[in-house]
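Working notes for the structure below.
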Amino acid sequence: MNLGLATTYIIGGLMLLSILAYNYSLFNSTVETTSSVITQSKLDNIVSILQNDLNRIGYDRGISDAFVMAEDSAFIFRGNIFDNDGSDDFDLVEWAITSELDTTTTNPNDLVLIRTWNQTPSIPANEIEFRYSVRDFEVNYYDIDGNVPVQMEDIVQVEVEVLVESDEPYLTKKDGTQLYYRSYWKRRIVANNLIY
Amino acid sequence: MNDYSDVLYLTAAMVIYSFLTINTSRSFLSTSETVIRSDVEYRTIIRAQDVIEQVKLVQRADENMLNPNHIDYMFAGYPITDNETYGYNDEYTDTFIIDASSEYIDEGDPLVRRYKVTVNVINEEVDPSTEVDLIFIKSFER
């Protein structure tokens, strides 16, 4: 074989391999960046609603019976969630993580987080349900001194932890392990309406 | 190869191609770093907000907790280092250096006393570290 032709094939082959490897790397990087932005946006949506709700626990209702239920995976509270929403009554809101797997995403770790909102609690049929996919959701409660409250009436601080993962894996390893982008939020909120 | 000019052309092409790939990779690395930093900054801001939330809890009777010269001063032991674990199995850890101070704002108003609370949180999980400053004005009615 002609030496020049052989050399050309070798160099051309190396170039082709290099371009393919580069293309693969760029593709993975793009998928990871896109996944991370979508996941952060997903968490941001949940957090916006959650913060609004937490800051309004007991609003227009009072301190003594703000909470209906307070557990580490769910809580139900009374409070006026939106001003001027046409309702004179208080709202009833529930946040609860279920053990149900979220089948709307391909992520096998995603669980369903449900927010149930009822503007007119006397009519249960008016409940509106919102569903979010999260990896983890935990709630802790504290009294005014930062201790675990003895009863629900003592709750002043609510600490919520939310962990979300991307709907799709950003990388699948050779052994089949799928990597998902994770975004996390944890905050202890002092509900203004529970202080005094 | 017919002559050495082909070799020179090929070399030049490979050098240009290398520059292009390196610059594109740098750009993507920079984007990834920005995304990660934004997540870390997000958590750093939350830690600063947590300190402010504790200041919100201070009642009028406990005003001395914001007086730097009083024994009850709530930020006497600051700065503090706080490790926070998180994740489904607590598999991640963030280390925060939290500093806070308060300062009396003398407005000459006999009815209201205000304190300026400054919170500074540093997260050194990324290099360079992320730093957040939050200021909160706490008012006590006399």
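Coordinate-derived values only; no laboratory data. For clarity, every value in this text was computed on a predicted model and none was experimentally measured. Backbone-built Cβ (ideal geometry, glycine too); neighbour counts: all protein chains shown.
Within region B:42-76, track down each residue that is in a loop (DSSP other than H, G, I, E, B) and within 9 Å of chain A (Cβ to nearest Cβ).
To start, the set of residues in region B:42-76 that are in a loop (DSSP other than H, G, I, E, B) comprises B:57-59, B:67-76.
Within region B:42-76, B:57, B:59 qualify.
Within 8 Å of chain B (Cβ to nearest Cβ), surrounded by fewer than 17 Cβ atoms within 10 Å (Cβ to Cβ) and either in a helix (DSSP H, G or I) or out of contact with any Ser or Thr (no Cβ under 9 Å at 6 or more places or on another chain) (or both), is that true of residue A:31? Outline the logic, then answer.
Values: within 8 Å of chain B (Cβ to nearest Cβ): no; surrounded by fewer than 17 Cβ atoms within 10 Å (Cβ to Cβ): yes; either in a helix (DSSP H, G or I) or out of contact with any Ser or Thr (no Cβ under 9 Å at 6 or more places or on another chain) (or both): yes.
Considered against the rule, which asks whether it is within 8 Å of chain B (Cβ to nearest Cβ), surrounded by fewer than 17 Cβ atoms within 10 Å (Cβ to Cβ) and either in a helix (DSSP H, G or I) or out of contact with any Ser or Thr (no Cβ under 9 Å at 6 or more places or on another chain) (or both), residue A:31 comes out as no.
Just to be sure I understand, how many residues within region A:131-148 are assigned to a loop (DSSP other than H, G, I, E, B), more than 23 Å from residue A:103 (Cβ to Cβ) and in contact (Cβ under 8 Å) with a residue 24 or more places away in the chain? Lay out the reasoning, then the answer.
Step one: filter region A:131-148 for residues assigned to a loop (DSSP other than H, G, I, E, B), giving A:135, A:143-148.
Checking the rest, the ones that are also more than 23 Å from residue A:103 (Cβ to Cβ) come to A:143-148.
Filter again for in contact (Cβ under 8 Å) with a residue 24 or more places away in the chain, leaving A:144.
Number of matching residues: 1.
Collect the residues in region A:156-173 that are within 22 Å of residue B:84 (Cβ to Cβ) and either assigned to a loop (DSSP other than H, G, I, E, B) or of a type in the set (Lys, Arg) (or both), keeping them in residue-number order.
Of region A:156-173, the ones within 22 Å of residue B:84 (Cβ to Cβ) are A:156-165.
Correct list: A:156 only.
Out of A:150, A:190, A:160, A:164, I need the residue that is of a type outside the set (S, T, N, Q) and in contact with an Asp or Glu (Cβ under 7 Å, 6 or more places away or on another chain). Which one? Spell out the reasoning first.
On the way: A:150 fails: in contact with an Asp or Glu (Cβ under 7 Å, 6 or more places away or on another chain); A:160 fails: in contact with an Asp or Glu (Cβ under 7 Å, 6 or more places away or on another chain); A:164 fails: in contact with an Asp or Glu (Cβ under 7 Å, 6 or more places away or on another chain).
Being of a type outside the set (S, T, N, Q) and in contact with an Asp or Glu (Cβ under 7 Å, 6 or more places away or on another chain) holds for just one of A:150, A:190, A:160, A:164, which is A:190.
For residue B:119, which of the numbered conditions (1) more than 20 Å from residue B:35 (Cβ to Cβ); (2) in contact with a helix residue (DSSP H, G or I) (Cβ under 8 Å, 6 or more places away or on another chain); (3) assigned to a loop (DSSP other than H, G, I, E, B) fails to hold?
Unmet for residue B:119, out of (1) more than 20 Å from residue B:35 (Cβ to Cβ); (2) in contact with a helix residue (DSSP H, G or I) (Cβ under 8 Å, 6 or more places away or on another chain); (3) assigned to a loop (DSSP other than H, G, I, E, B): (3).
Can you tell me how many residues in region A:44-56 are closer than 22 Å to residue A:163 by Cβ and not in a helix (DSSP H, G or I)? Break it down into steps so the answer makes sense when it comes.
If we filter region A:44-56 for residues that are closer than 22 Å to residue A:163 by Cβ, which is where we start, we get A:44-55.
Right, trim to not in a helix (DSSP H, G or I) and you get none.
Number satisfying all stated conditions: 0.
Does residue A:114 satisfy the condition of being within 14 Å of chain B (Cβ to nearest Cβ) and either in a strand (DSSP E or B) or touching a Lys or Arg at 6+ places or on another chain (Cβ under 9 Å) (or both)?
Details: within 14 Å of chain B (Cβ to nearest Cβ): no; either in a strand (DSSP E or B) or touching a Lys or Arg at 6+ places or on another chain (Cβ under 9 Å) (or both): yes.
Against the criterion (within 14 Å of chain B (Cβ to nearest Cβ) and either in a strand (DSSP E or B) or touching a Lys or Arg at 6+ places or on another chain (Cβ under 9 Å) (or both)), residue A:114 does not qualify.
Quickly run through region A:137-168 and pick out the residues that are within 14 Å of chain B (Cβ to nearest Cβ) and within 19 Å of residue A:37 (Cα to Cα).
A:162, A:163, A:164, A:165, A:166
Please specify each residue of region B:1-17 satisfying the condition of being facing chain A (nearest Cβ under 9 Å) and of a type in the set (S, T, N, Q).
The answer is B:2, and nothing else.
Restricted to region A:169-196, and to residues that are touching a residue at least 12 places away in the same chain (Cβ under 8 Å) and β-branched (Val, Ile, Thr), which residue is nearest to the other protein chains (Cβ to nearest Cβ)? I'd like the intermediate steps shown before the answer.
Filtering region A:169-196 for residues touching a residue at least 12 places away in the same chain (Cβ under 8 Å) gives A:169-171, A:180-196.
If we keep only those that are β-branched (Val, Ile, Thr) too, we end up with A:189-190, A:195.
Details: A:189: 6, A:190: 5, A:195: 7 Å.
Restricting to residues being touching a residue at least 12 places away in the same chain (Cβ under 8 Å) and β-branched (Val, Ile, Thr), the top hit is A:190.
Quick one: how many residues across region A:57-79 are touching a helix residue (DSSP H, G or I) at 6+ places or on another chain (Cβ under 9 Å) and outside any strand (DSSP E or B)?
Our first condition is that a residue be touching a helix residue (DSSP H, G or I) at 6+ places or on another chain (Cβ under 9 Å); within region A:57-79, this holds for A:57-70, A:77, A:79.
Imposing the further condition that a residue be outside any strand (DSSP E or B) reduces the set to A:57-66.
Qualifying residue count, region A:57-79: 10.
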